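**Q** What follows is a structure written as structure tokens; I'll ask about it next.
FYI, it's all coordinate maths here, none of it is from the lab. Source: prediction; values computed, not measured. All Cβ positions, even for glycine, are placed from backbone atoms using ideal geometry, and neighbour counts span all protein chains on display.
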């Protein structure tokens, strides 16, 4: 009954979601407080108080048929203009409402821009480790994902390998900074060099290559680390943004695309992306949440809570003998497996009621992802279990 395109997706269902379901099963057996689920990037930190206040104010102050009705497929004009001006204030850009397309989260935005630009057989490059759904998104439109192998010393993009993979079929490049699963923030120097490579390749090949910057974790950066705004480096850039992490709203599915004027054929791309938003079945981003985020542009994520979790878990795991780079952003640790088969390591962890995600789910075997967007209390309760795993491996 199901399509040939769906069969491999069914067989390779997300390991992240499988671990999440496993956590619910184990909680019924051992009690939720005795299961340490670090699988899913589901923020434990509540939404800022401005969000609830905005919802109440909107329902009291704005006309119901307006709030809950249709609008332009690209989103409310005043919402888009407010976001554009907020970005201009923060990053010294020059956006306007015609550069902002409201989307059903960053994943929807990614599908919108890929549907807009990809022809069958076009190639999209990304850097391992990466969020594995990128491959599914590209294949939705009969494209081919080309993977750049990781630099496991720094987890910054391997630019030499990147340059060698750009060819006549290259249509786009996807980057994700701060990165899921490593927490690495791509540096100014790396982004400048990447832009230089892309500019030279465009001239050499006589084509346009779109750099798609996936930025759901932009607001989650630590120790004063700057997250560069990518449109300032390379003209043919599109930004996918989500409020899932910055405002702790993953279930609300609200985000936007930035399609700058500097992008080749920008007006045509924006118009086509607006149609893609409709024909993908989204039609438009959720109306109430568009009104909400416009009122919450200055609300801040509780970065301090994530930072506390990061420092506690990182320092503990290092003290037990595990190896991991310290994340600069997002809310993940990417821990080196004590044995070559990280899936076997995940099984050992599960014996101690610890749920982590194998690195092969991010095209980087030999590592596991630990999502620390959980309560601080869960981290504290989990430490004896992590220590027991370390002792089992003789670390």
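**Q** Based solely on C-alpha atoms, express the radius of gyration and the Dmax of the stretch 291-395 in angstrom.
**A** 15.4, 54
**Q** Also, quick follow-up: Over the stretch 47-123, what lengths in whole Å, largest first, do the semi-axes of the equivalent ellipsoid take, defined as the square roots of 5 times the eigenvalues of the alpha-carbon gyration tensor? Mind dumping the intermediate values first?
**A** Details: eigenvalues 157, 62, 34 Å².
Rounded to whole Å, the semi-axes are 28, 18, 13.
**Q** Using r as the Cβ-Cβ distance of residue 208 and residue 7, and R0 as 25 Å, what FRET efficiency do you calculate, to the nearest 0.05? Show your work: numbers first, answer last.
**A** Numbers: r = 34 Å, r/R0 = 1.35.
Efficiency, from the Cβ-Cβ distance: 0.15.
**Q** Compute the FRET efficiency between residue 60 and residue 271 as 1/(1 + (r/R0)^6), taking r as their Cβ-Cβ distance and R0 = 35 Å, and round to the nearest 0.05. All intermediate terms of the calculation are to be shown ahead of the outcome.
**A** Numbers: r = 36 Å, r/R0 = 1.02.
Given R0 = 35 Å and the Cβ-Cβ separation, E is 0.45.
**Q** With angles folded into 0 to 90 degrees, how steeply does helix 266-279 sit against the dominant principal axis of the chain? Use alpha carbons for both and round to 10.
**A** Approximately 60 degrees, to the nearest 10.
**Q** I need to check one value: relative contact order of the chain, counting alpha carbon pairs closer than 8 Å and at least 6 residues apart, in percent.
**A** Working: 748 pairs, mean separation 93.6, N = 395.
Rounded, it is 24 percent for the chain.
**Q** Sticking with this one: As an exercise, use a Förster radius of 35 Å and the Cβ-Cβ distance of residue 308 and residue 154 to find the FRET efficiency, rounded to the nearest 0.05.
**A** 0.90
**Q** For the stretch 204-239 and the stretch 246-292, what is the separation of their C-alpha centers, rounded to whole Å?
**A** Cα centroid of the stretch 204-239 versus Cα centroid of the stretch 246-292: 17 Å apart.
**Q** Taking the beta-carbon count within 10 Å as an exposure proxy, list 68, 352 from fewest neighbours to most. Display every interim value, and only then the final one.
**A** On the way: 68 13, 352 16.
The most exposed by this proxy come first: 68, 352.
**Q** Given points 7 Å out from each Cα along the Cα-Cβ axis, report the residue 264 to residue 326 separation in nanometres with one decimal.
**A** Calculated label separation equals 4.3 nm.
**Q** For the chain, what is the convex hull volume of the alpha-carbon atoms per residue, in Å³?
**A** Details: hull volume 59.7 nm³, N = 395.
Here the figure is 151 Å³ per residue.
**Q** Something else about it: What is the fewest-to-most order of 283, 210 by other Cβ atoms lying within 10 Å of their Cβ? Walk me through the intermediate numbers first.
**A** Working: 283 12, 210 24.
Listing 283, 210 from fewest to most nearby Cβ atoms yields 283, 210.
**Q** Cα axis of helix 342-351 to longest principal axis of the chain: angle in degrees, 0 to 90, nearest 10?
**A** Value to nearest ten degrees: 60.
**Q** I'd like the antiparallel share, as a percent to the nearest 5, of DSSP beta bridges with both residues in the stretch 49-295. Working shown, then result.
**A** Working: 8 of 26 bridges.
Antiparallel: roughly 30 percent of the beta bridges in the stretch 49-295.
**Q** Using only DSSP helix segments of four residues or longer, with each worth -39500 (n - 2.57), what per-residue ellipticity at 222 nm results for the chain after dividing by its residue count and rounding to 500? Write down the numbers at each step before the final one.
**A** On the way: 14 runs with 167 residues, N = 395.
Mean residue ellipticity, 222 nm, calculated: -13000 deg cm²/dmol.
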